[in-house]
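For reference, the structure is listed below as C-alpha cells.
The values are calculated or read from the model by the stated rules, or taken from the named source; none is laboratory data. Since the model is a prediction, treat every value here as computed from it, not as a measurement. Don't worry about glycine lacking a Cβ; one is built from the backbone with ideal geometry, like all the others, and counts go over all protein chains shown.
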Ligand code: ADP
Ligand code: MG
C-alpha cells in the first residue's frame, strides 16, 4: 500500500474516536467526488453461519452501533457448535464534511429505505463523530469496468443488465431515483456474474420540490397549448434575444457528464425514474461500441450536441417541445434524421469500411440486434414512452428463457 494511503488511514483513525475498537482498516478503495471509501474488517462481527436474522435486527437499528463481543482470534466454533464464517469485510464510506447535513441524512435515509432490495448494497450502520459521518456497508469484491467491458459477449451483457435492472426495478418501485447510474456505481464481478448498486449520494424521491413540467401534460393538452401559442404559430425566432426577459429555468441536474438524460439537459422540473434508464442505456452503448467514455462532453450544451448528432434535429426538436423548450442548431454535422444506433455501433467498432461502398463488412449478429432493439427502448427521448425497469426485465433481451 502506498505510504500516502497509509498516512491517510492513520489520520482517519486518529480523527475518528474509537473506530479502531470495531474496525481494522485494510486499504483505501475509492475516492469519489463526495467521499473516501476504505475496506476494513469488522472486528465485532459474530461471524456464525446462522445469524443473518440477528444481523437483520441490527441493521434495523441503524445509527446505533451494535454492542457485540469482539471476535476472538482462532476460534472456529461457538459454544453451541455453530461454525464460524469467514471474517466480514466492510466498506467504510467517509462522507466529506463539506457535504450538507441534509444531503448526508438523505443518503442514509434512502439507503435505509432500500434495505433488503435485491442487488442494492445494504447499509449496515452509520456513525457520526463531530462533523464526520461514516456509513458502513458490506464489502463487495468487484472488477474495474475498464478491465472487462471490451470482452463482454452479448450473453455477458444480458447477465450484467439483468442484475442492474433488477436493482433499478427495486429502487424505482420505492419511488426513488438514483440519479447517478454509471459503471463506478454498479459494483460488478464478472466471475460471479453479480452486481450491486451503490452510491445513493445524489438519489432522491420522485417529484420532490418541483414545479410541474410541461412533459407531464396529456398529448391533447399539449396539442391545444402548442396550437394556441404564438411561438408555435410564428416558428422559433432566429438568434438569441439581446435582452432575454424570460425567467431562467432551474432543475436538478445532478449526475455525471455523459450519463445525463435529455430531459435533465432540457431542465425538466419533473424528472422521473426514467432518467436512470437512460443512463443504463449509456452503459449498454459503451459496451456495444467498445468505447469508454462514449459521451465525452465538457458541459450540458456539448452533451446536447453529442445526443443530437446521433438522434438528429427532428427528434431533438420534438424532445425539446416536450419540456417547453426549443432546440435550434446551425452545426452542419448534425443532420435532420441522425443515425441509427446500429450504424453508430458498426462505426465505433470499425466494422464497416468507413462508410465506403459495399456497406457494413461485418453486420450485427441476431443477438447484437436484440441488444440494439433493447437499447432503442432505453433511449426513447420521451421519458414517458421510455421503457421502465420492470418492463425491461420482461424484454426479450433480459427475460430469462423458460420463465
Ligand atoms: P462517491 O459518492 O464518492 O462516488 P461511492 O459510494 O460511489 O462514493 O463509492 C466510491 C467507490 O468506492 C466506488 O466506486 C467503489 O469503487 C468503492 N465502494 C463503494 N462502496 C463499496 C462497497 N460496498 N464494496 C466495495 N467497494 C465499494
Ligand atoms: Mg460513486
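Please work out which residue is farthest from the chain's Cα centre (by Cα), limiting yourself to segment 190-205 and to residues that are surrounded by 15 or more Cβ atoms within 10 Å (Cβ to Cβ) and either away from ligand 1 (no atom under 14 Å from the Cβ) or assigned to a strand (DSSP E or B) (or both).
Among residues in segment 190-205 that are surrounded by 15 or more Cβ atoms within 10 Å (Cβ to Cβ) and either away from ligand 1 (no atom under 14 Å from the Cβ) or assigned to a strand (DSSP E or B) (or both), the one farthest from the chain's Cα centre (by Cα) is 190.
Residue by residue through segment 124-153, note down the ones that are within 16 Å of ligand 2 (Cβ to nearest atom), closer than 30 Å to residue 286 by Cα and in contact (Cβ under 8 Å) with a residue 60 or more places away in the chain.
Listed by number, the residues that qualify are 137, 139, 145, 146.
Checking residue 136 against (1) surrounded by fewer than 21 Cβ atoms within 10 Å (Cβ to Cβ); (2) within 15 Å of ligand 1 (Cβ to nearest atom); (3) within 16 Å of residue 200 (Cα to Cα); (4) within 17 Å of the chain's Cα centre (by Cα), which test does it fail?
Failed condition: (4).
Can you run down the residue pairs with Cβ atoms below 6 Å, 6 or more apart or on separate chains, where the first is in segment 16-39 and over 19 Å from residue 98 (Cα atoms) and the partner is more than 14 Å from ligand 1 (Cβ to nearest atom) and part of a strand (DSSP E or B)?
17/129
Which of the helices (runs of 4 or more DSSP H) found entirely inside segment 1-104 contain at least 2 residues meeting this: at pLDDT 85 or above and surrounded by 14 or more Cβ atoms within 10 Å (Cβ to Cβ)?
3-15, 19-22
I need a count of the residues in segment 158-189 that are in a loop (DSSP other than H, G, I, E, B), within 15 Å of ligand 2 (Cβ to nearest atom) and either under 23 Å from residue 143 (Cβ atoms) or more than 14 Å from the chain's Cα centre (by Cα) (or both).
Final tally of qualifying residues: 4.
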